[in-house]
Amino acid sequence: MSGPTGDLRITVDAAGLQRRIDELALISEAPAPVVTRVLFSEADQRGREYVRGAARDAGLALREDAVGNIFARWEGSEPGLPAVGSGSHTDAIPNAGRYDGVVGVLGAFEALAALRRAGFRPRRSLEVVMFTAEEPTRFGLGCLGSRLMAGTLPAARASALRDREGRSLDELRSAAGCTGSLESVRLAPGAYHSFIELHIEQGPVLEHKGIPIGIVERIAGPSSYRVTLHGEGGHAGAMLMPARHDALAAGAQIALAVERAASTSGSPDTVGTVGVFRVEPGAVNSVPFGAYLEIDLRDTRLDTRRRAYSRIRRAAAAACRRRGVRMEFEEINADPPAEGDPKTIESAERACARLGLASLRMVSRAYHDSLFMARVCPTTMVFIPCRNGWSHRPEEYASPAHIASGAEVLAHTMASLAA
Ligand SMILES: [Zn+2]
């Protein structure tokens, strides 16, 4: 293979990488095999310290920003050029496993260490990012670090975030030792030449097809909404049917409208879910006077997601009008989908070909920090198989061989982009 990195002999230390993944898994709020590391918890803090140590062991220079994003850099021979980036997260939802996010941080450290052992000299700097709070556990909003870096979350809105105990992001980050203004987290234009995130697939496709590497060409855009319904309560026996303004019945129609709108949007990638549905007062002999729903609506296309959304709004308004129920419909969050960068995707595919690994172009149905990095630089993701597609549970598993292959693909791709 010709080209600037064609004769590189890269050997990833699969056993060493696995050992690190296992060591980080022991840093958890819950006993093994459960991994729980919620943003700025004591376990998250110790996890961050572990990440710093692993970066130093890989010979990387550390920097941190005001929200706790950790940057580990290998300076290139032309340090003024935009860097080639990689990275992911190490926070974990309650009752999670050891691979989600972690493979993309520790795997990137090992990719850079392997490049160094192979005698590679980067022209562009190579940088690994550990993003703060990819998971929405504490503040109800995921990808805090990457949103602030990309400038899609205004600093004032981030400062106003409160957790369930009423503590603000500013309070928690300063207790964790993060200093500086949230405005300063935003990346300078041209900070990155390109970005590649290594991650477990969190779905069953690669395992079913027996393909070791997925290369992401599109990331679905998530949106979520809260619906509060105000009906009229009453005695389930005494209140006759024509007199009713049943909040649950209106909510049930909305839930079915979500399902219908997602199924008939015109895109097979539209998915709509009502995952929260609470009823007041919640007594068998009482007509529900209140209902609260949360809707999750995602798509790889914005036009079909918008169409589904309009249909849900119209159906909800009609159901509430007919039943005499008052509705508040609020957007919690709506992010557009992201496209993978064709040239970065081709670099990853060439790396797979060089390594003799089959690859498959894929859609990421879960969102990742890459959804926001794609707003500021050419981006793609490298997926590896995980057993049964399981993720966000302690049984999450990816084989050491697949993890090592992912790190090799990452090393070759970053090397060719940085040469
Ligand atoms: Zn993740």
(message) Ordering GLU217, GLU165, GLU49, GLU197 by accessible area with a probe of 1.4 Å, largest first, what comes out?
(response) GLU165, GLU49, GLU217, GLU197
(request) Counting helices only, and only those DSSP H runs with n ≥ 4, report the 222 nm mean residue ellipticity of the chain as the sum of -39,500 (n - 2.57) divided by its residues, in deg cm²/dmol to the nearest 500. (result) -10500 deg cm²/dmol
(message) At R0 = 30 Å, how high is the FRET efficiency between MET241 and ARG306 if r is their beta carbon distance? Nearest 0.05 is fine.
(response) 0.25
(message) Suppose each label sits 7 Å from its Cα in the direction of the beta carbon; what would the THR264-ARG123 distance come out to in nanometres?
(response) 5.6 nm
(request) Percent of Cα-Cα pairs per 10 Å bin, from 0 to the last occupied bin, for segment 247-302, please list those. (result) 24, 42, 23, 10, 1
(request) Using the heavy atoms of the protein chains and a 1.4 angstrom probe, tell me the accessible area per residue for segment 2-129 in square angstrom. (result) 37 Å²
(request) Kindly provide the pair-distance distribution of segment 148-301 built from C-alpha pairs, with 5 Å bins from 0 and whole-percent values in order of increasing distance. (result) 2, 7, 10, 10, 11, 13, 14, 12, 9, 6, 4, 2, 1, 0
(message) Need the full-extension length gain, THR228 to GLU23, defined as separation in residues times 0.36 nm minus the C-alpha distance. One decimal, nm.
(response) 69.4 nm
(message) Over the chain, what is the relative contact order in percent, taking alpha-carbon pairs closer than 8 angstrom and at least six residues apart?
(response) 23 percent
(message) Counting other C-beta atoms within 10 Å, and keeping those with at most 11, which DSSP coil trypsin sites (Lys or Arg not before Pro) do you find in segment 151-228?
(response) ARG164
(message) Over all directions, how big on average is the projection of the convex hull of the alpha-carbon atoms in the chain, in square nanometres?
(response) 21.3 nm²
(request) Taking every Cα atom in segment 28-154, find the radius of gyration and the maximum pairwise distance Dmax, and write them in Å. (result) 15.0, 46
(request) With a/c under 1.5 counting as rounded, go ahead and sort segment 111-220 into rounded, prolate or oblate using the C-alpha gyration tensor (a ≥ b ≥ c being the square roots of the eigenvalues; past the cut-off, prolate if a/b is larger than b/c, else oblate). (result) oblate
(request) Find the Cα radius of gyration of segment 315-361, compare it with 2.2 N^0.38 Å by division, and give the number to two decimals. (result) 2.46
(message) If I model a spin label as a point 7 Å beyond the Cα along the Cα-Cβ vector, how far apart are those points for ALA419 and ALA176 in nm?
(response) 3.8 nm
(request) Find the accessible area per residue for segment 311-419; the probe is 1.4 Å, ligands and nucleic acids are left out, and the unit is Å². (result) 41 Å²
(message) Multiplying the sequence separation of ALA334 and ASN388 by 0.36 nm and subtracting their Cα-Cα distance, what value in nm do you get?
(response) 16.5 nm
(request) Sticking with the crude label model, points 7 Å out along Cα→Cβ, report the distance from ALA30 to SER286 in nm, one decimal please. (result) 3.2 nm
(message) Using a Förster radius of 51 Å, what is the FRET efficiency between ARG164 and ASP7 based on their Cβ-Cβ separation? Nearest 0.05, please.
(response) 0.40
(message) Ordering ARG56, ARG37 by accessible area with a probe of 1.4 Å, largest first, what comes out?
(response) ARG56, ARG37
(request) Give me the percent of the accessible area of the chain that comes from carbon and sulfur atoms, probe 1.4 Å, all protein chains in place. (result) 51 percent
(message) Multiplying the sequence separation of ARG322 and PHE277 by 0.36 nm and subtracting their Cα-Cα distance, what value in nm do you get?
(response) 14.2 nm
(request) Put one equal scatterer on each alpha carbon of segment 231-364, apply the Debye formula with no solvent term, and list log10 I(q)/I(0) at q = 0.14 1/Å to two decimals. (result) -0.72
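The values are calculated or read from the model by the stated rules, or taken from the named source; none is laboratory data. These figures come from a predicted structure and were not determined experimentally. As a convention, Cβ positions derive from the backbone with ideal geometry for all residues, glycine included, and neighbour counts pool all protein chains shown. The accessibility values were calculated without ligands, DNA or RNA, using every heavy atom of the protein model including side chains. Shrake-Rupley method; radii C 1.70, N 1.55, O 1.52, S 1.80 Å.
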